[in-house]
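First up is the structure itself, then whatever we jot down about it.
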Amino acid sequence: MMTDVDKRYGLLNEVSGIEETRNPQRQRHLPMGAAFGWVTAGWHDLMVRPGPSLVYGFAVFAVSLVFIWAMFILEWDYILFPALAGFMIVAPVLAVGLYEKSRAIENGEQPTLGAMLRVKPRAGAHMFFTGLLLCLLMLLWMRAAVLIYALFFGIRPFPGLDHIIGVLLTSPMGLAMIIIGTLIGGLFAAFGFAISVFSVPMLLDQQTDALTAMATSMAMVWNNLVPMLTWGAIVLALFAVSVGTGLVALIVVFPLLGHATWHAYKAIR
């Protein structure tokens, strides 16, 4: 006899595009709208005992504010925008506790904040190694942004956040830097997204190594390009909302996307 949890997850799996028979890494038939199903399934997980997820989101919000405050104190405000963009590269590692909650709900278990914080990935230390590689990629992205600025404006001091927008939009050099910086940043973003979006849930769920997980994640993204482009647009839009609210919306947006990412992984794997 099916329990209420089984019935509910049968419905969620149908919404999120999960099939009983999967062809690993080769599913190319998921519709573009599957990404919206993942968000719906993620919202359901968020609403199951929402307290732990919201506490998790508040912790990410608080840590983010501390980092931004430290940047201004240390006068590193010139890397603020690259750092905000780079945050999306390491976010999958920060969301591992949210994946654990979704996994627990899927298995009919009671999710708790303690279990989310003490999560033990099946891949063991490879999760740490993956996080380290993603952090290095984020640092490389920020360094590339500084070099791009230096190539266009030389060793001129950073004019500050109050004036940089005007400098970029009213000068030929500024407009050229926006174009080149966007192209290079887009390459970093696409690569970081491809290797991280499924590798961290996979390391939680399976016994595999970091490089295999990242390569498999890239294959999953490439072989399901249409729904993943939609998913990337949703993530970007919700993150933009978070930035527009001074990161306050991150308290809800981060756990929502974390839970939804787990359903995306289960749908595509």
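Just so you know, all these numbers are worked out from the coordinates, no wet-lab data involved. Because the structure is a prediction, the values reported are computed rather than measured. Counting neighbours? That spans all protein chains shown, and the Cβs are built from the backbone with ideal geometry, glycine included.
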(Q) Could you tell me how far the Cα centroid of region 93-139 sits from the Cα centroid of region 53-87, in Å? (A) 20
Q: Mind pulling the angle between the C-alpha long axis of helix 210-223 and the longest principal axis of the chain? Nearest 10 degrees, somewhere in 0 to 90.
A: 90
Q.
Please state the shape class of region 133-246: rounded when a/c is under 1.5, otherwise prolate if a/b exceeds b/c and oblate if not, all from the C-alpha gyration tensor.
A. prolate
Q) Helix 34-47 versus the longest principal axis of the chain: what angle, 0 to 90°, nearest 10, using Cα atoms? A) 80
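Where a ≥ b ≥ c are the square roots of the eigenvalues of the C-alpha gyration tensor, would you call region 107-149 rounded, which needs a/c under 1.5, or, failing that, prolate if a/b is larger than b/c, or oblate?
Values: a/c = 4.77, a/b = 2.71, b/c = 1.76.
It comes out prolate by the Cα gyration axes.
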Q) Once Lys and Arg get +1 and Asp and Glu get -1 on their Cβ, which of A144, I89, G114 lies farthest toward the positive end of the dipole of region 67-192? A) G114
Q: Note down the magnitude of the dipole of the chain about its Cα centre, charges +1 on Lys and Arg C-beta and -1 on Asp and Glu C-beta and zero elsewhere, to the nearest 20 debye.
A: 280
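Below 8 Å, C-alpha to C-alpha, sequence gap of six or more: please give me the relative contact order for the chain in percent.
Details: 317 pairs, mean separation 102.2, N = 269.
RCO, the chain: 38 percent.
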Q) Cα gyration tensor of region 65-119, axes a ≥ b ≥ c as square roots of the eigenvalues: rounded (a/c below 1.5), prolate (a/b > b/c) or oblate? A) prolate
Q. For the charge dipole of the chain, defined by +1 on Lys and Arg C-beta atoms and -1 on Asp and Glu C-beta atoms about the Cα centroid, which residue among L80, A219, T170 has the Cα displaced farthest towards the positive pole?
A. A219
Q: For the chain, find the longest principal axis of its Cα atoms and tell me its angle to the long axis of helix 4-16, 0 to 90°, nearest 10.
A: 50
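Explain nothing, just the number: relative contact order of region 106-253, from Cα pairs under 8 Å at least 6 residues apart, as a whole percent.
Rounded, it is 27 percent for region 106-253.
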